[in-house]
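Only one structure is covered here, and it is reproduced in the block below.
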Amino acid sequence: MVLTAKQLADKEGKLLRLGDVPAYIHKISGVLPGKRVIYTWVLKGKRRYTGHMLKLRATKRCDIWFTTEGWVQDFLRKLNE
């Protein structure tokens, strides 16, 4: 099932362009990652303390990468487990 952008935003929280994610992370955690880091988290992932790789969920719509506030929060929470 393919969700529209509106359905996705209603289900998972506000849609964020990947370029806007560093400002959102800075707002909730005080850490300011670079834009390139966010793209790396989506494409390659980030290694957790347990040694497993974890990727930030994202979707590509009309050649623009989006994620949601919920997905970013889940990613950060799982990264620190």
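Annotation: amide H of residue 55 within the under-5 Å range of 46, sequence separation 5 or more or interchain, hydrogens built in the peptide plane. Evaluated over the chain, the count of Lys pairs having alpha-carbon atoms less than 12 Å apart is 5 (only pairs 8 or more residues apart or interchain).
Here the simple spin-label model places points 7 Å from the Cα toward Cβ, and for residue 55 and residue 31 these points are separated by 2.1 nm. Net charge dipole, the stretch 17-79: roughly 240 debye, given to the nearest 20, about the Cα centre with Cβ charges of +1 for Lys and Arg and -1 for Asp and Glu. Taking amide H as placed 1.01 Å from N in the peptide plane, residue 68 has its amide H under 5 Å from the amide H of 16, each at least 5 places away in sequence or on another chain. Taking the chain as a Gaussian network, Cα atoms linked when under 10 Å apart, which of 59, 40, 50 shows the biggest mean-square fluctuation? Fluctuation is largest for 50. In terms of surrounding Cβ atoms within a 10 Å radius of their Cβ, 21, 72 rank from fewest to most as 72, 21. The simple spin-label model puts a point 7 Å past each Cα toward its Cβ; for residue 20 and residue 77 those points are separated by 2.2 nm.
Towards the positive end of the charge dipole of the chain, with charges on Cβ (+1 Lys, Arg; -1 Asp, Glu), say which of 18, 72, 40 has the farthest Cα. Selected residue: 40.
Here the Gaussian network model covers the chain, with springs between Cα atoms less than 10 Å apart; of 54, 32, 15, 32 fluctuates the most.
Bear in mind that the values in this text are calculations on the coordinates, not laboratory data. Keep in mind the model is a prediction, meaning the values are calculated, not measured. Here the Cβ is made from the backbone with ideal geometry for all residues, glycine too, and neighbour counts use every protein chain on show.
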